[in-house]
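K.L.:
For reference, the structure I am asking about is given below.
The values are calculated or read from the model by the stated rules, or taken from the named source; none is laboratory data. Not measured: the values here are computed from a predicted model. Reconstructed Cβ throughout: ideal geometry from the backbone, glycine too, with neighbour counts over all protein chains shown.
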Amino acid sequence: MPGPTSRRRFLRHAGGGFGLLALNAMLSRDGLLAAPARGTAAVPANPFAPKAPHFAAKAQRVIFLFMSGGPSHVDLLDPKPDLIRLAGQPIPESFGTFKTRRAVAKNKLLAPLRAFRPRGQSGIEMSDLLPHTATCADDLCVIRSLYADSVTHPESVYQMNTGSILMGRPSLGAWATYGLGSENQNMPAFVVMPDPAGWVKGGAPAWSNGYMPAAFQGTILRGGESPILNLNTPNGVSAHQQRATVDFINKLNRDALAPGDEDSDLGARIAAYELAFRMQSHAPDVVDISKETAATRALYGLDEKVTAEFGLRCLLARRMVERGVRFVQLYCGDTNGWDGHSDMEGNHSKLCAASDLPVAGLLKDLKSRGLLDSTLVIWGGEFGRMPMSEGSNGRDHNPHGFSMWLAGGGVKGGQVIGTTDAVGLRAESEKAHVHDLHATILHLLGLDHTRLTYRHNGRNERLTDVAGHVIKKAVA
């Protein structure tokens, strides 16, 4: 049974109740109760119940391919002829502030690792390090003018995932599932697949629920025989016994759940018990790839040692969005990942070899199944790399200008948006902050980033804080 009511709660309900009655009458008279603003009402008992978007959208779900560590835009997606011409020389005086020039005066410009070539009918120039992704160029919208606010990994990982360099805010996947719910009530709405070789710098706060109910945090999917921990029914326990146990625990929890507290941690725990019980019947089918054809296995590189691991996770991502999972995030790269402070050649060659074929396979598989038009695919990391060398053959972090690409889900493919300067140091034209990227992603999902809010500490919080504009050229 609920405990005694505190004095604070009694005064809040008694003093505010009469005013709320009057407010309810006025809102009802004006017809506003029929369409409450997203984020102002309590989260329902089922936080993953499907919700209507703010407006019609083509993207129903998202796959975010996160290249952990910061892939080099000047070696992969942003061709710089001047970087080839000036290689081995100090950065020209015309670039950056005095502080930037002084900090890198001893470092020389480093030529791109591979040649860039026009790809597809659109002619988007891409590096020879990405030969397979390059075959999908006409489906890609490459944004070459992104910029962020931090030069360090954890803060940049948090910003790319949550909109803030500080931990403790809800991640992009949490916002998407909070705003839209899930199309599959038997699987988590938000699934995260870290690289088994090591988690991203910054760790779990990158896929956190932040100040939202715990139900919205990402569910970890691992490789191996038990992709989701503690999912299997214990030996000797029947389905009937387990159903009875879950029902009993949830009854006790609901008895302790005060009216209006459905969005509390206890409410999230009730929803988690119910979801876990349903997943025991449905999740094994999602991760069982035994019936996939030989052609599909080859498409993802499952039979090749170099591509098998990331290829399997890309295939699982397709199987999950196919079954209605709202947001899937894959991390490519261990704790250091694409962080090529030294030996850029070895670092990026290895990671491109492991990921390029599976990424292209994912895009082609989604397209052949009619899923790409309704699935937004995002590729990129927390920042890019400097055009100057670090040591003799590495590159340092560069949040001042870097590249990512979007495909499917309402994106206008076969185009490049924005530029960096002549050597790729800073975003120059059509600059797009991380907030703008997030506003665009939400827009493609049918959500207005200014209206998707969550009340926290007396403030209507947003993924984009008080900034962000939709990158309109990216939208088909």
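K.L.:
Could you go through segment 387-395 and let me know if any residue there is within 30 Å of Asn209 (Cβ to Cβ), acidic (Asp, Glu) and touching a residue at least 60 places away in the same chain (Cβ under 8 Å).
P.N.:
Taking every residue of segment 387-395 in turn, none turns out to be within 30 Å of Asn209 (Cβ to Cβ), acidic (Asp, Glu) and touching a residue at least 60 places away in the same chain (Cβ under 8 Å).
K.L.:
Another question, if that's okay. Hey, can you tell me all the residues within segment 146-156 that are assigned to a helix (DSSP H, G or I) and either small (Gly, Ala, Ser) or in contact with a strand residue (DSSP E or B) (Cβ under 9 Å, 6 or more places away or on another chain) (or both)?
P.N.:
Of everything in segment 146-156, those that are assigned to a helix (DSSP H, G or I) and either small (Gly, Ala, Ser) or in contact with a strand residue (DSSP E or B) (Cβ under 9 Å, 6 or more places away or on another chain) (or both) turn out to be His153, Ser156.
K.L.:
OK, next. Identify the residue in segment 52-84 that is at pLDDT 95 or above and among the basic types (Lys, Arg) and, among all such residues, is farthest from Leu316 (Cα to Cα).
P.N.:
Checked segment 52-84; the qualifying residue farthest from Leu316 (Cα to Cα) is Lys80.
K.L.:
Here are Asn184, Asn253: which of them is at pLDDT below 95, surrounded by 13 or more Cβ atoms within 10 Å (Cβ to Cβ) and not in a loop (DSSP other than H, G, I, E, B)?
P.N.:
Answer to the selection: Asn253.
K.L.:
On to the next question. Pairs only if they're at least six apart or on different chains, beta carbon under 8 angstrom, first in segment 423-444 and touching a residue at least 24 places away in the same chain (Cβ under 8 Å), second crowded, with 22+ Cβ neighbours inside 10 Å and among the acidic types (Asp, Glu); list them, first residue then second.
P.N.:
Hits for this filter: Gly424/Asp78.
K.L.:
Restricting attention to segment 59-79, report how many residues are in a loop (DSSP other than H, G, I, E, B) and either of a type in the set (A, V, I, L, M, F, W, C) or surrounded by 24 or more Cβ atoms within 10 Å (Cβ to Cβ) (or both).
P.N.:
8
K.L.:
Does Gly236 qualify as being in a loop (DSSP other than H, G, I, E, B) and either modelled with pLDDT of 95 or more or within 24 Å of the chain's Cα centre (by Cα) (or both)?
P.N.:
So Gly236 fails the test.
K.L.:
Turning to a different aspect of this structure: Which residue is surrounded by the fewest Cβ atoms within 10 Å (Cβ to Cβ), if the candidates are limited to segment 157-181 and must be aliphatic (A, V, I, L, M) and outside any helix (DSSP H, G or I)?
P.N.:
Leu166
Residues are listed down the side, and each one gets a yes or a no for (1) touching a Cys at 6+ places or on another chain (Cβ under 9 Å); (2) surrounded by 16 or more Cβ atoms within 10 Å (Cβ to Cβ); (3) not in a helix (DSSP H, G or I):
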site: Arg297; (1), (2), (3): no, yes, no
site: Asp303; (1), (2), (3): no, no, yes
site: Val306; (1), (2), (3): no, no, no
site: Leu312; (1), (2), (3): no, yes, no
site: Leu315; (1), (2), (3): no, yes, no
site: Val328; (1), (2), (3): no, yes, yes
site: Asp339; (1), (2), (3): no, yes, yes
site: Glu345; (1), (2), (3): no, no, no
site: Ser355; (1), (2), (3): yes, yes, no
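K.L.:
Which fully enclosed strands (runs of 3 or more DSSP E) of segment 363-476 have 1 or more residues being modelled with pLDDT of 95 or more and among the small types (Gly, Ala, Ser)?
P.N.:
The qualifying strands (runs of 3 or more DSSP E) are 375-380, 402-407, 427-429.
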